[in-house]
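Each remark here refers to the structure printed beneath this line.
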Amino acid sequence: GEEVAQTPKHLVRGEGQKAKLYCAPIKGHSYVFWYQQVLKNEFKFLISFQNENVFDETGMPKERFSAKCLPNSPCSLEIQATKLEDSAVYFCASSQFRTTEAFFGQGTRLTVV
Amino acid sequence: QQQVKQSPQSLIVQKGGISIINCAYENTAFDYFPWYQQFPGKGPALLIAIRPDVSEKKEGRFTISFNKSAKQFSLHIMDSQPGDSATYFCAASRTGGTSYGKLTFGQGTILTVHP
């Protein structure tokens, strides 16, 4: 597709429940990035992929967060045992090459209650 | 080392005026500096970007000024319009190394342009 597609747009989970977010990058883009935007507008980098390979996972809280980008499937970000502090908008971005512009999706708003 | 500091936090400008947003970075390894515009409920959209080999880049009403020695860059919006009202983010990244492409964002500036 011509845009980064994120689903769902909104997700509500009770504390301790699992949350799974999906991202379909722009067709032909090899790089995928996940960011978390919290209420104060602050963006936090989580993880990046080059095709199906993890490129940089320095921002991932590894004990509860995991992510995958498998061939012919949307990328996913999964949060096990959600906490209130996980409430945020999660953005996915994709780029064609390592030095080109990153295009962002519309985000998934996760609310943990 | 990885921070990008952005100011002001909010800005109110009259229609037709000039909006100026400033950013400062610490990591001298950064070599790509984009500005993003974000409307409520939407993802960030790239406005304009600059690399450190030039001191200024202009696209339409948007201009980036870049000062490598001071490690600062700024966005100027000329002839500001009410439709420019949005949150603006500066960012920085490296185009090499294992952390390439990872954007470090500023804190954002909420711009309001009054008619």
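Bear in mind that the values in this text are calculations on the coordinates, not laboratory data. Because the structure is a prediction, the values reported are computed rather than measured. Positions of Cβ are backbone-derived with ideal geometry, glycine not excepted, and every protein chain shown enters the neighbour counts.
Quick one: which of A:Lys83/B:Lys102; A:Lys68/B:Lys71; A:Lys40/A:Lys62 span more than 32 angstrom between C-alpha atoms?
Details: A:Lys83/B:Lys102 25 Å; A:Lys68/B:Lys71 36 Å; A:Lys40/A:Lys62 23 Å.
Exceeds cut-off: A:Lys68/B:Lys71.
Per 5 Å bin, what is the whole-percent P(r) computed from every C-alpha pair distance within region B:1-54?
4, 13, 19, 27, 21, 10, 5, 1
Taking chain A as a Gaussian network, where each spring joins two C-alpha atoms under 10 Å apart, which residue of A:Glu15, A:Glu52, A:Glu63 fluctuates the most?
Highest fluctuation of the listed residues: A:Glu63.
Work the Kirkwood hydrodynamic radius out for region A:1-64: mean of 1/r over every pair of different alpha-carbon atoms, inverted, in Å.
On the way: mean 1/r = 0.0740 Å⁻¹.
One decimal place: 13.5 Å for the Kirkwood radius.
Ranked by Cβ crowding within 10 angstrom, fewest neighbours first, how are B:Asp84, B:Asp53 ordered?
On the way: B:Asp84 18, B:Asp53 8.
Fewest to most other Cβ atoms nearby, the residues stand as B:Asp53, B:Asp84.
Provide the three semi-axes, in whole Å and in decreasing order, of the ellipsoid equivalent to the protein assembly as shown as defined by the square roots of 5 times the Cα gyration tensor eigenvalues.
On the way: eigenvalues 177, 83, 50 Å².
Over the Cα atoms of the protein assembly as shown, the ellipsoid semi-axes are 30, 20, 16 Å.
Beyond 19 Å, what percent of the Cα pairs of chain A remain?
Details: 2465 of 6328 pairs.
That tail contains 39 percent of the Cα-Cα pairs.
Of B:Pro52, B:Pro82, B:Pro40, which is the most mobile in a GNM of chain B whose springs link Cα atoms less than 10 angstrom apart?
Looking only at B:Pro52, B:Pro82, B:Pro40, the largest GNM fluctuation is found for B:Pro40.
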